[in-house]
1. Suppose every K and R has +1 on its Cβ and every D and E has -1 on its Cβ; what is the size of the dipole of the chain about the Cα centre, in Debye to the nearest 20?
2. How much accessible area per residue does segment 85-167 have, counting only protein heavy atoms and a probe of 1.4 Å, in square angstrom?
3. Report, as a whole number in µm² per second, the diffusion coefficient that Stokes-Einstein gives for segment 79-167 at 37 °C and 0.692 mPa s using the Kirkwood radius over alpha carbon pairs.
4. Roughly speaking, what is the stretch gain from Asp29 to Ala114, that is 0.36 nm per residue apart minus the C-alpha to C-alpha distance, in nm to one decimal?
5. With runs of 4+ DSSP H residues as the only contributors, calculate the mean residue ellipticity of the chain at 222 nm using -39,500 (n - 2.57) per run, divided by the residue total and rounded to the nearest 500.
6. Please identify the helices of the chain, taking whole runs of DSSP H, that span at least 27 Å along their own axis as judged from the Cα atoms and have a mean Kyte-Doolittle score of -1.0 or higher.
7. Would you mind listing how long segment 20-74 runs along its three principal axes, going by Cα atoms, in whole Å with the largest first?
8. Give me the number: length gained by fully extending Trp92 to Thr48, i.e. 0.36 nm times residue separation minus the C-alpha to C-alpha distance, one decimal in nm.
Amino acid sequence: MSIAEDFLHTDELHPIDIVETLAEHHAWDFDRITEDQIAMAVEGQWRTYSITLAWSSQDETLRLICTFEMEPPEGRMAELYETLNRTNDLCWAGAFTYWVEQKLMVWRYGLVLAGGQIAGPEQIDRLITTAVTTAERFYPAFQLVAWSDQTPAQAMQVAIAEAYGRA
């Protein structure tokens, strides 16, 4: 049975209801903060990612923010920002930013559903999966540029390289 079949008999679909059902389906820890917002923890290979999705009916946008803690040395911030620019050039959906005050690396994306459009469960599942896989892909590059003497170009080679075979 597909995830979408759970929603076939519902007249009104709230995007956060769909997210909550997906979180239950994947056994992710989650907290329904308000009717229009949910926070969850999704385990990756490198980290556990904090993901928040919020629905804004005013601008008809489902916002996703995926964060992980990162405290790079002050002397490496210029290199980290260059790495963020290089990373965002490779990302077609969403973008990274660094929130200095909170010491958080952030992946964010807004899914615009103007005109009463409805995001399906597969689409929202893909949105969350893309956030985690993108964070997983670039996490090593961020760490290398922050904690080693590698240049952003060198650190990005880790994220660009394709893995072959299995361990």
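The values are calculated or read from the model by the stated rules, or taken from the named source; none is laboratory data. A quick note: this is a predicted structure, and the numbers were derived from the prediction, not measured. So basically every Cβ, Gly included, is an ideal-geometry build from the backbone, and we count neighbours across all protein chains shown. Calculation scope for accessible area: heavy atoms of the full protein, side chains included, ligands and nucleic acids excluded. Shrake-Rupley method; radii C 1.70, N 1.55, O 1.52, S 1.80 Å.
1. 720 debye
2. Numbers: 4890 Å² over 83 residues.
So segment 85-167 comes to 59 Å² accessible per residue, rounded to a whole number.
3. Details: Rh = 14.6 Å.
After rounding, the answer is 225 µm²/s.
4. Details: separation 85, 0.36 × 85 = 30.60 nm, distance 2.97 nm.
This chain segment gains 27.6 nm when fully extended.
5. Details: 4 runs with 62 residues, N = 167.
Helices in the chain give a 222 nm mean residue ellipticity of -12000 deg cm²/dmol.
6. Details: long enough: 121-147 (38 Å, 0.11).
Span-like helices, by this rule, are 121-147.
7. 39, 29, 15
8. Values: separation 44, 0.36 × 44 = 15.84 nm, distance 2.32 nm.
13.5 nm is the gain from fully extending Trp92 to Thr48.
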